[in-house]
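Here is the structure we will look at.
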Amino acid sequence: MQITVAKKAGFCFGVKRAIDIAFKLARDTKKEIYEEITKIGYKIVDATCPFVKKAQKRAQTLKEEGYQILIVGDKEHPEVQALLGFAGDDAIVLCDKDTVPPLKKKVGIIVQTTQPVEALKKIVCHVISEAEEVKVYNTICDSTSQRLEETKDLAKEVDIMMVVGGKNSANTAQLARLSAEICPRVYFIETTDEIKEDWFNGAKKIGITGGASTPRWIIDGVVKKLKEISVKR
Ligand code: SF4
């Protein structure tokens, strides 16, 4: 079996940066600091991804400029919940399947960093015909769009797509949905234990991708297991 791992599979820039910050802190923190922390309170280190911060800043600016804010994204996602804190009480969250409610004259649109651009386009098209003034900030992160494009290309080339990552990860689920639109055999797994040998019957080319929060060692584990299956054939 020929196994191809998407170049963008696994940790994105923002997640890698946050993890590096956490490891560096753990390395640099002297033991005495624990005592100090209990005495003076917590030290806060903000490892929020700069792209997420940028979206928060955009939300704040739109609010200050008097726009009614529309966030394209998933209401339950922590990033959107945090954005709501910046966007104010009358902000509305919509996904591309939702109906756009009546809006004020000035509408400002921002988007969850991991949404597909098609969702943003759909909502913008609708709002443009309703509101008098529309300001749009495309806050989608490049890493997400590149990962989606790469997954699309890989899914066209292979017999089976393996999508690796947390079942509760929105961007990994998105990769699985996109793969399933193109490739007839898609398996969405969290760990190598889920892999079954008979999935690969008759398959010659396997593609592997993973979400922004999927650790590289899990992807490497999947590759190792597929190689083991391959040599048995
Ligand atoms: S997906 Fe993009 S916005 Fe989200 S953490 Fe990664 S780099 Fe940052």
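Here, each number is a calculation from the coordinates, and none is a lab measurement. Remember, it's a predicted structure, so these values are computed and weren't measured experimentally. Every residue, glycine among them, receives a Cβ derived from its backbone with ideal geometry; neighbour counts consider all protein chains shown.
The table for this structure:
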item: Cut-off under 5 Å, modelled amide H: who pairs with L70 long-range; result: I92, G108, I109, I110
item: Residues D89, D153, D96 arranged by fewest to most Cβ contacts within 10 Å; result: D89, D153, D96
item: Sequence of C125, C95 once ranked by neighbouring C-beta atoms within 10 Å, starting from the fewest; result: C125, C95
item: Using alpha-carbon coordinates, inclination of helix 142-157 to the longest axis of the chain, degrees; result: 30 degrees
item: Amide proton proximity set for V186, modelled H, under 5 Å, gap of 5+; result: M161
item: Rounded tilt (10° steps) of 170-182 against the dominant C-alpha axis of the chain; result: 60 degrees
item: Residue order, fewest to most beta carbons within 10 Å, for V93, V231; result: V231, V93
item: Beta bridges by DSSP in the chain, antiparallel share as percent, to the nearest 5; result: 0 percent
item: Amide H contacts under 5 Å for G165, placed H, 5+ residues apart; result: I189, E190
item: Whole-Hz ³J(HN,Hα) from phi, Karplus 6.51 cos²θ - 1.76 cosθ + 1.60, for the range 218-233, glycine and proline x; result: 6, 4, 4, x, 5, 4, 4, 5, 5, 5, 4, 5, 4, 5, 6, 8
item: Shape call, the chain: gyration tensor on alpha carbons, a/c limit 1.5; result: oblate
item: Aspartates and glutamates with Cα under 15 Å of K106, excluding same-chain neighbours fewer than 8 positions away; result: E64, E65, D90, E130, E132, E133
item: Cleavage-rule hits, GluC sites (Glu not before Pro), the range 106-143, DSSP coil, Cβ neighbours within 10 Å at most 11; result: E132
item: Pairwise centroid distance, computed over Cα atoms, of the range 94-142 with the range 45-65, Å; result: 17 Å
